[in-house]
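The values are calculated or read from the model by the stated rules, or taken from the named source; none is laboratory data. Just so it is clear, the structure is predicted and the values come from calculations on it, not from any experiment. Ideal geometry is used to build each Cβ from the backbone, glycine not excepted, and the neighbour counts take in all protein chains shown. Heads up: the accessible areas ignore ligands, DNA and RNA and are worked out on the full protein's heavy atoms, side chains in. Shrake-Rupley method; radii C 1.70, N 1.55, O 1.52, S 1.80 Å.
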Amino acid sequence: MTIEAELAGKVPALDAVAVPALSIVVPTFNEVANVPLLVDKIRAVFPDQNWEIVFVDDDSTDGTEQVLHGLCRKYPFIRSLRRIGRRGLSSAVVEGILSTSAPFVAVMDGDLQHDERLLPAMLAELQSDKADLVVGSRYLQGGSTGEWDASRVRMSRIATYLSGLITDAQCTDPMSGFFMIRRTTFDGAVRQLSGQGFKILLDIMASSPTPPRLKELPYTFGIREHGESKLNSVIALEYINLILDKLVGRWIPVRFIMFSLVGGLGVFVHMSVLTVLHFLGEPFVYSQSLATVAAMTFNFFLNNILTYRDKRLKGTWPILKGLLSFFAVCSFGAIANVGIANVLFQRSFTWWLSAIAGIFVGVVWNFAATSIFIWKRR
Ligand code: GDD
Ligand code: MN
């Protein structure tokens, strides 16, 4: 049954309203020169007006928002959604899709690197009910990554390989940011989405309860003429986050894993500082104290950059306050750690098991307390 048929009777009929069959969702961040060109290009491939574009802009600083508003005033089939204090391609796309009701949704970049001429063929695949998801692929025969340098190609290959950990979909280009999907298919996955980082297509495939019927169409990734790419090392980290979240997120929060890994590195810093001071002939208590402070400071900054990057503390005072609070929280954690371990040890648990239990309680305390008191929800 089509969505229209399903809704018939539930929604009062309106006269002569052209409901768009297709919503094209475009995430933008600083794409001022590209958006008007993109609109022209899409108008050229779809001369009949049965579609809309929803731009989701994360408060660009280059005037994209003003240009989008100009376009919205000119064309009723263009809308713009602005998010403040937020970043993220995937979450922008999800919220853009949720703001529409068309039965088919396309997702494409706003920088003209995705070939809009593919859109009619994608739509035809969905309309003829041969597929639920049509992906623009750079790796299919006839497609290509265009003028990418070797390191970017290699990164994309590694990322594609890793994606196999979380989805069985036989997709040649799960990293693609260019695809069209049936709304019902998206709705089936939306509650399970991780929404992190850049890879919304992979997220959807890994979150669908049943594998969507997939169709791929080749295209060549265009050259960016205006503005610059937002892909950086943080995005790579967010990709690892997405993979971990889909693998184990059901049982352990990825943030906790990250926090524990940072703690592990802290042990390494501690031992290094301690070793150096020890061989310089410093007294043990002094060396151990300095090593502890060094490790805590290291952990604080690394957590600020990695674990809590979305809530990062900025500016001298917030950072200083955060650092001192971090010392306080970790001191309680250390007391809990030693206390629990000692109690267990006295109840004749093995020494290393007692220690591990103590460490575990300490880490959980530190994680919980830092996320409540230091890196608060925004
Ligand atoms: N709203 C929002 N928020 N949009 C963003 C953000 C953000 O934080 N970061 C990037 N964008 C927008 C850009 O403005 C652009 O329209 C689109 O997302 C893609 O960003 P680029 O920075 O140009 O990414 P890329 O070209 O390196 O990679 C793209 O293409 C690859 C191949 O399809 C992305 O779509 C990748 O996910 C994809 O693998
Ligand atoms: Mn791009």
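Can you give the Kirkwood hydrodynamic radius for the chain, in Å, rounded to one decimal and based on Cα pairs?
Working: mean 1/r = 0.0421 Å⁻¹.
That comes to 23.7 Å for the chain.
According to the square roots a ≥ b ≥ c of the eigenvalues of the Cα gyration tensor, what is the shape class of the stretch 254-373, taking rounded for a/c under 1.5, prolate for a/b larger than b/c otherwise, and oblate for the remainder?
Oblate shape, in that a/c is at least 1.5 and b/c is the bigger or equal ratio.
Taking Leu231, Leu38, Leu119 in turn, the Gaussian network model of the chain (Cα-Cα springs below 10 Å) assigns the largest fluctuation to Leu231.
Take the solvent-accessible surface of the protein heavy atoms, probe 1.4 Å, and return the percent of it on the stretch 163-267 that carbon and sulfur atoms account for.
The C+S portion of the solvent-accessible surface of the stretch 163-267 is 57 percent.
Can you return the lysines within cross-link range of Lys321? Criterion is Cα-Cα under 27 Å, with same-chain partners fewer than 8 residues away left out. Once the sequence-local lysines are set aside, what remains near Lys321 is Lys311, Lys376.
Please report the net charge: other residues with Cβ closer than 11 Å to the Cβ of Asp245, K and R +1, D and E -1. Intermediate results must be reported in sequence, preceding the final value.
Details: positive: Lys246, Arg250, Arg255; negative: Asp203, Glu238.
Result for the neighbourhood of Asp245: +1.
For the chain, the longest principal axis of the alpha carbon atoms and the long axis of helix 35-45 meet at an angle near 40°. With all protein chains in place and ligands, DNA and RNA left out, the 1.4 Å accessible area ranks Val285, Val45 as Val285, Val45, largest first. Mind running the shape call on the stretch 257-321? Use the C-alpha gyration tensor, a ≥ b ≥ c as the square roots of the eigenvalues: rounded below 1.5 for a/c, prolate if a/b tops b/c, oblate otherwise. It comes out oblate by the Cα gyration axes. What is the sum of charges, Lys and Arg at +1 and Asp and Glu at -1, for the other residues whose Cβ falls under 9 Å from the Cβ of Phe221? Value of the local net charge: -1. Helical runs (DSSP H, four residues minimum) scored at -39500 (n - 2.57) apiece and divided by the length of the chain put the mean residue ellipticity at 222 nm at -16000 deg cm²/dmol. Rounded to the nearest 0.05, what FRET efficiency is calculated for Arg347 and Leu140 with R0 set to 51 Å and r the Cβ-Cβ distance? FRET efficiency, Arg347 to Leu140: 0.25. Say the cut-off is 23 Å between C-alpha atoms; which of Lys74/Lys199; Lys41/Lys130; Lys230/Lys314 go over it? Lys74/Lys199; Lys41/Lys130, as the Cα separations exceed 23 Å there. The shape of the stretch 153-268 comes out oblate: with a ≥ b ≥ c from the C-alpha gyration tensor, a/c is at least 1.5 while a/b does not beat b/c. The stretch 40-115 and the stretch 133-180 have their alpha-carbon centroids 23 Å apart. Largest GNM mean-square fluctuation among Leu126, Leu323, Leu353, using the chain with Cα springs under 10 Å: Leu353.
If R0 equals 30 Å, the separation of the Cβ atoms of Arg117 and Ile257 corresponds to a calculated FRET efficiency of about 0.10. Across the stretch 194-208, the residues whose backbone nitrogen lies under 15 Å from the label position 7 Å along the beta-carbon direction of Arg86 are 194-198. Among Gly110, Gly63, Gly315, the largest mean-square fluctuation in a Gaussian network model of the chain (Cα springs under 10 Å) belongs to Gly315.
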